[in-house]
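The values are calculated or read from the model by the stated rules, or taken from the named source; none is laboratory data. Computed from a predicted structure; not experimentally measured. Cβ: placed from backbone, ideal geometry, glycine included. Neighbour counts: every protein chain shown. Side chains are part of the model used for accessible areas, which takes the heavy atoms of the whole protein and leaves out ligands, DNA and RNA. Shrake-Rupley method; radii C 1.70, N 1.55, O 1.52, S 1.80 Å.
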Amino acid sequence: TVHLREDRRHIRDYDVKKIIKKLKIPVNLEIAPTYEMLRIALRNKPDYVCIVPEKREELTTEGGLNLNKKKFFIKKMIRSLKNKNIRVSLFVEPKIKDILLSKKLFADCVEIHTGKYCKLLNDRKNAKSEFIKIRKAAQYAQNAGLNVHAGHGINYKSAYFISKIKNISELNIGHFIVAESLFIGLKNTIRKFKKIINK
């Protein structure tokens, strides 16, 4: 997974081109819902695209997409990407209305935003109601025929609990893996996550 931000803070256009061309594994390109990003995705043809919200002043993605705000453009974007055989995912809040709208927009997949749950868990606050929201949203999405992923703010502890939700087929963990690998190495970090998820 690579995120081409509008401010090019993470990677640049050249990086996207080289990564897609060189890698022998599937590439998931995260992009904001804009014409510029759509053109880049169509030109480079990643295996998957995840449409995410974006604000210039944010440190990291702060929540799921507001699907009603750009509903018609997102629908057009999904159609254009799928016409090029690119699987499309929408990054959404764990809300039934967002899942329902994702289905109506013809997304293949939803990635449920787990940031609020993970923060509550990290702060040792009651995270049960947020966990239930994620579980219900995942179940509803799978029943609607959508693939279900989850991500944002996941660490060892939250991965253990979220991986118990049987409707979720993929966890997207980026920052924590890279940060932890500085201390114990990438191989050991991934091995530890696999052990936790498979418990």
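Observations, loosely collected:
- Tally, over the stretch 166-176, of residues that are under 15 Å from the mean Cα position of the chain (by Cα) and either of a type in the set (D, E, K, R) or assigned to a helix (DSSP H, G or I) (or both): 3
- Given (1) surrounded by 13 or more Cβ atoms within 10 Å (Cβ to Cβ); (2) farther than 20 Å from residue 115 by Cα; (3) modelled with pLDDT under 95, number of the condition residue 23 does not satisfy: (1)
- Taking the conditions (1) among the charged types (D, E, K, R); (2) under 19 Å from residue 2 (Cα atoms); (3) assigned to a loop (DSSP other than H, G, I, E, B) in turn, residue 125 satisfies each one other than (2).
- Taking the numbered list (1) touching a strand residue (DSSP E or B) at 6+ places or on another chain (Cβ under 7 Å); (2) at pLDDT 95 or above; (3) buried (at least 19 other Cβ atoms within 10 Å of the Cβ); (4) not acidic (Asp, Glu) in turn, residue 189 passes all entries but (1).
- Hits in the stretch 156-165 - residues which are without any contact (Cβ under 8 Å) to a residue 40 or more places away in the chain, over 23 Å from residue 27 (Cα atoms) and open to solvent by less than 40 Å² (accessible area, probe 1.4 Å): 165
- Against the test of being buried (at least 20 other Cβ atoms within 10 Å of the Cβ) and touching a strand residue (DSSP E or B) at 6+ places or on another chain (Cβ under 8 Å), the options 168, 197 yield a single qualifying residue, 168.
- Subset of the stretch 140-170 (residues that are of a type in the set (Phe, Trp, Tyr) and within 15 Å of residue 112 (Cα to Cα)): 140, 161
- Filter result (buried (at least 17 other Cβ atoms within 10 Å of the Cβ), of a type in the set (A, V, I, L, M, F, W, C) and touching a His at 6+ places or on another chain (Cβ under 8 Å)) within the stretch 1-20: 2, 4
- Here is the figure for the stretch 1-53: residues that are touching a residue at least 40 places away in the same chain (Cβ under 8 Å) and more than 19 Å from residue 81 (Cα to Cα) total 1.
- Those residues of the stretch 171-186 which are open to solvent by 40 Å² or more (accessible area, probe 1.4 Å) and more than 18 Å from residue 118 (Cα to Cα), in sequence order: 182, 183, 184, 186
- Residue within the stretch 40-48 that is open to solvent by less than 10 Å² (accessible area, probe 1.4 Å), more than 17 Å from the chain's Cα centre (by Cα), among the hydrophobic types (A, V, I, L, M, F, W, C) and at pLDDT 95 or above present: yes
- The listed residue being surrounded by 13 or more Cβ atoms within 10 Å (Cβ to Cβ), among the hydrophobic types (A, V, I, L, M, F, W, C) and more than 26 Å from residue 51 (Cα to Cα), out of 150, 141, 127: 127
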